[in-house]
Amino acid sequence: MIGNVMLFFAKPCVAAIEITSGTLSVGDTVRIKGATTDFEQKIESMEIDRKPVPSVAAGQSVGIKVKDRVRVHDKVFKVVV
């Protein structure tokens, strides 16, 4: 597990994610899983304080566009092929 969903904004469809371990970069694939959430997607962009960033590390919080609704406390996993 790389992090947790802290907030969800419906318009635009953005999740605020707290990174708890490892690193996450644009181009990585993540799986977001919770009680009613379960999907994978490639990260196309990330922002911290409304500024684009190429990667984030443990201890940072980041906003990413998501293709579906996520919920607070959903788990975020980095998909390694």
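Is it the case that VAL30 is part of a strand (DSSP E or B) and under 11 Å from the mean Cα position of the chain (by Cα)?
yes
Just to be sure I understand the filter: pairs with C-beta atoms under 9 Å, separated by 6 or more residues or on different chains, first member in segment 1-28 and closer than 15 Å to VAL72 by Cβ and of a type in the set (D, E, K, R), second member assigned to a strand (DSSP E or B) and open to solvent by less than 40 Å² (accessible area, probe 1.4 Å). Which pairs pass?
GLU18/GLY3; GLU18/ASN4; GLU18/VAL5; GLU18/VAL62; GLU18/VAL76
Would you mind finding the one in VAL56, VAL81 that is more than 12 Å from VAL14 (Cβ to Cβ), free of Cβ contacts under 8 Å to residues at least 60 places away in the same chain and surrounded by 12 or more Cβ atoms within 10 Å (Cβ to Cβ)?
None of the other options fit; the residue is VAL56.
Looking at segment 33-42, is at least one residue open to solvent by less than 40 Å² (accessible area, probe 1.4 Å), under 19 Å from VAL81 (Cβ atoms) and at pLDDT 95 or above?
Checked against the condition, which is being open to solvent by less than 40 Å² (accessible area, probe 1.4 Å), under 19 Å from VAL81 (Cβ atoms) and at pLDDT 95 or above, segment 33-42 yields at least one hit.
The values are calculated or read from the model by the stated rules, or taken from the named source; none is laboratory data. What you see is a predicted model, and the numbers here were worked out from it, not measured in a lab. Cβ: placed from backbone, ideal geometry, glycine included. Neighbour counts: every protein chain shown. Keep in mind that these areas ignore ligands, DNA and RNA; they rest on the heavy atoms of the full protein, side chains included. Shrake-Rupley method; radii C 1.70, N 1.55, O 1.52, S 1.80 Å.
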